[in-house]
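Remarks on the structure that follows.
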Amino acid sequence: MTVSSLAFVFALAAPGVHAQLPFEGGLETGKGSHGSGQPGIRWERQFPEALKKARAARKPIMVDFWADWCGWCHRLDQTTYVDPTVVKLSEEFVSVKVDTEGDPKGQAVAVRYDVQSLPTIAFLSPHGRPLMRLNGFQGPGQFPKTLEAAREVAQRVMTWEDAVEKDGNNPEALAALGTHLFEQDAYRESREMLAAAMKYDTRRPLEERKRTRLLLGAIEKSDHRYAEAETILRAALDLPPSPEHDAKVLYVLGKMYASWGRPEQARTALQKVVKTYAQTSIAPKAKESLVALDK
């Protein structure tokens, strides 16, 4: 199952390079990113230091991934990042610039957060977990709304992080954090959180328990850990029935069997979706998968 397939389970361009001096990393406090003299965002120079400051100040992090050749990156520096409203809102974050083609440490940060295009602006929790991201340029008219949205997400995620730090067996916080990380395509850490939640969620609402196992099974399937995925998805079906969730679980189970080279078991699971859960939103996808399976 591809990343786009995982997203489906959950949801059931640049101008010419500006003639400008390259960013050298020597950021001037209270100035624009290139020392233009305009009041601008106060940028940190090093990602590890930004993490430390964010944890100490209990603030989320805004990471501007850039490169010297990126014209839109320079446009952000010249416009969005010196806008007074943006500058004011940025005070609620620890802001750091990461040169994706600079030293190996900066490149490693870009790899860690799967930066594939520039500019990319990532918002992280104080623990470095992804909150949300913006791929591409955004002007000063729209960017304040993005900062406000990131702040709201940060408040929720930091509450879950605090709960997990206080009690590592808190199933509600673990499931919420794992689900959020799934949404952000942070599947490795999402797996850890969801697996932990599954151990301690016996008293959680049925729908939440089903969803935790559905997402975890989808992750295991995407990593070709078919036996593990089968066990988790079967465990979801062993819980008391929930038509909408059971249909989705069966759909993922069927797709997993197809990838595992077990077409008959795939067909059985998908046919059950079509026959037993015909009114659910996933039934049309199950029909399509059955047609593809018979080709």
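The values are calculated or read from the model by the stated rules, or taken from the named source; none is laboratory data. The structure displayed is predicted, hence computed values, not measured ones. Here the Cβ is made from the backbone with ideal geometry for all residues, glycine too, and neighbour counts use every protein chain on show.
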### Query
Just to be sure, is Tyr81 farther than 19 Å from Gln184 by Cβ and surrounded by 15 or more Cβ atoms within 10 Å (Cβ to Cβ)?
yes
### Query
Based on what the data block shows, is Leu131 crowded, with 17+ Cβ neighbours inside 10 Å, touching a helix residue (DSSP H, G or I) at 6+ places or on another chain (Cβ under 6 Å) and among the hydrophobic types (A, V, I, L, M, F, W, C)?
yes
### Task
Would you mention how many residues in segment 250-274 are in contact with a Phe, Trp or Tyr (Cβ under 6 Å, 6 or more places away or on another chain) and among the aromatic types (Phe, Trp, Tyr)?
1
### Message
Name the residue that is nearest to Leu124 (Cα to Cα), counting only residues in segment 59-75 that are crowded, with 19+ Cβ neighbours inside 10 Å and not hydrophobic (A, V, I, L, M, F, W, C).
### Response
Pro60
### Message
Six or more apart or on different chains, Cβ atoms under 7 Å: show the pairs whose first residue is in segment 80-101 and part of a helix (DSSP H, G or I) and whose second is modelled with pLDDT under 95 and of a type in the set (Ser, Thr, Tyr).
### Response
Tyr81/Ser33
### Query
Can you pull out the residues in segment 129-152 that are under 19 Å from Leu194 (Cβ atoms) and not in a strand (DSSP E or B)?
Arg129
### Query
Only one residue in Arg225, Arg191 is modelled with pLDDT of 95 or more, closer than 25 Å to Leu124 by Cα and among the basic types (Lys, Arg), so which one is that?
Arg191
### Query
If we scan segment 2-20, do we find a residue that is of a type outside the set (Phe, Trp, Tyr), modelled with pLDDT of 95 or more and assigned by TED's automatic domain parsing to the domain that holds Met132?
no
### Query
Within segment 206-218, can one find any residue that is more than 24 Å from Tyr187 (Cα to Cα) and surrounded by fewer than 23 Cβ atoms within 10 Å (Cβ to Cβ)?
no
### Query
If we scan segment 236-249, do we find a residue that is more than 26 Å from Lys199 (Cα to Cα), assigned to a loop (DSSP other than H, G, I, E, B) and touching a Leu at 6+ places or on another chain (Cβ under 8 Å)?
no
### Query
Residue check, Ala56 against (1) crowded, with 16+ Cβ neighbours inside 10 Å; (2) assigned to a helix (DSSP H, G or I), all met but one. Which one?
(1)
### Message
For segment 262-272, check the following and say yes or no: at least one residue is under 22 Å from Ile219 (Cβ atoms), β-branched (Val, Ile, Thr), at pLDDT 95 or above and not in a loop (DSSP other than H, G, I, E, B).
### Response
no
### Query
In the set Asp114, Asp162, which member is assigned to a loop (DSSP other than H, G, I, E, B) and either loosely packed, with under 15 Cβ neighbours inside 10 Å or modelled with pLDDT under 95 (or both)?
Asp114
### Query
Of the residues in segment 184-215, how many are closer than 20 Å to Asp238 by Cβ and not in a helix (DSSP H, G or I)?
5
#### Entry: Selection from segment 216-227 of residues that are among the charged types (D, E, K, R) and assigned to a helix (DSSP H, G or I)
Glu220, Lys221
